[in-house]
Amino acid sequence: MGTRNTGHLASVVKDWLKIFPRLSEHGNSKIVRRVGPVLIGVEFFRPFSTTYRPEFILVNLMDADYKNPRNVIFQFVRSRNNVQVQIPFDKHEKLYAETAELLRRQSTISLVDDVSVGDILSGVALFLEEDYMKGSNCFIQCKAIIHFAKLLGDQDAEGKWFDFARSKLEELPTDILEQETGGYEIWLTKMSKIGVEDLLNSAQQNITRWRLDRLPVSNLR
């Protein structure tokens, strides 16, 4: 993903916050907002010494299996020629507003509007279908879909999303699936039975652990 240069990115972050005032600075390279048990925003990477790359990100705060936040969605910006956008620091002033607008339009979940559980689920699914490299390990995305579907409060809809996630998981090589789950069938049964209260408790623990409790928060609509 490249190393970050906080000296360069400090001014970048401040300018992008002007475009997305609902987001808040978190760390040295992210602007985010917390929507219930979800973190969405923009992360800035520095792949080369002279450029930075913005990506739309989503973090599932209900996932208790990781010590540090893991991006479920990490969606780079495409230019009009369908090329990944990287901005030279010396052209930042000229290009950042246009790039921010591209990111706003292309992100699979809105950075500016209120969002629902359905929006989150559709956004993760769209990322998997259109942006994620085919054949890559989609375990963290599928687990997030199972978690988010629990918040729907609709067993039929939850079941459809569970089946979607399972179909994607079963496209993975068996050895990867077993490595990720420690026993796929047992894990799948556990996921089907996990309760909303347990998921929200995990989210609160991660919010405290990752020092996200100072961020403004809105509810999923």
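Within segment 97-141, restricting attention to residues that are under 20 Å from Tyr52 (Cβ atoms) and within 13 Å of the chain's Cα centre (by Cα), the residue that is most open to solvent (accessible area, probe 1.4 Å) is Asp131. Contact annotation: residue pairs with Cβ atoms under 7 Å, 6 or more positions apart or on different chains, pairing a residue in segment 9-23 that is modelled with pLDDT under 95 with a partner that is among the small types (Gly, Ala, Ser) and crowded, with 18+ Cβ neighbours inside 10 Å, are Leu9/Ser29.
Condition test on Ala97, is it under 24 Å from Arg22 (Cα atoms) and either out of contact with any Leu (no Cβ under 8 Å at 6 or more places or on another chain) or among the aromatic types (Phe, Trp, Tyr) (or both)? It would help to see each step written out before you state the result.
On the way: under 24 Å from Arg22 (Cα atoms): yes; either out of contact with any Leu (no Cβ under 8 Å at 6 or more places or on another chain) or among the aromatic types (Phe, Trp, Tyr) (or both): yes.
Answer is yes for this residue.
Tally the residues that are surrounded by fewer than 17 Cβ atoms within 10 Å (Cβ to Cβ) and not β-branched (Val, Ile, Thr), restricting the search to segment 25-59. So the count comes out to 6.
Check segment 44-54 and report whether any residue there is hydrophobic (A, V, I, L, M, F, W, C) and touching a residue at least 60 places away in the same chain (Cβ under 8 Å). So far as segment 44-54 goes, no, none of its residues is hydrophobic (A, V, I, L, M, F, W, C) and touching a residue at least 60 places away in the same chain (Cβ under 8 Å). Set side by side, the residues Ser110, Ser116, Ser136 differ, and just one is without any contact (Cβ under 8 Å) to a residue 24 or more places away in the chain, out of contact with any strand residue (DSSP E or B) (no Cβ under 8 Å at 6 or more places or on another chain) and over 22 Å from His26 (Cβ atoms), which is Ser136. Only one entry in Ile145, Ile176, Ile194 is over 16 Å from Ala64 (Cα atoms) and of a type outside the set (S, T, N, Q), namely Ile176.
Among the criteria (1) more than 22 Å from the chain's Cα centre (by Cα); (2) without any contact (Cβ under 8 Å) to a residue 24 or more places away in the chain; (3) surrounded by fewer than 16 Cβ atoms within 10 Å (Cβ to Cβ), the one Asp90 does not fulfil is (2).
The values are calculated or read from the model by the stated rules, or taken from the named source; none is laboratory data. This structure is a prediction, so every number in the text was calculated from the model and none was measured. Cβ sites come from the backbone with ideal geometry, for glycine too, and all protein chains shown count toward neighbours. Heads up: the accessible areas ignore ligands, DNA and RNA and are worked out on the full protein's heavy atoms, side chains in. Shrake-Rupley method; radii C 1.70, N 1.55, O 1.52, S 1.80 Å.
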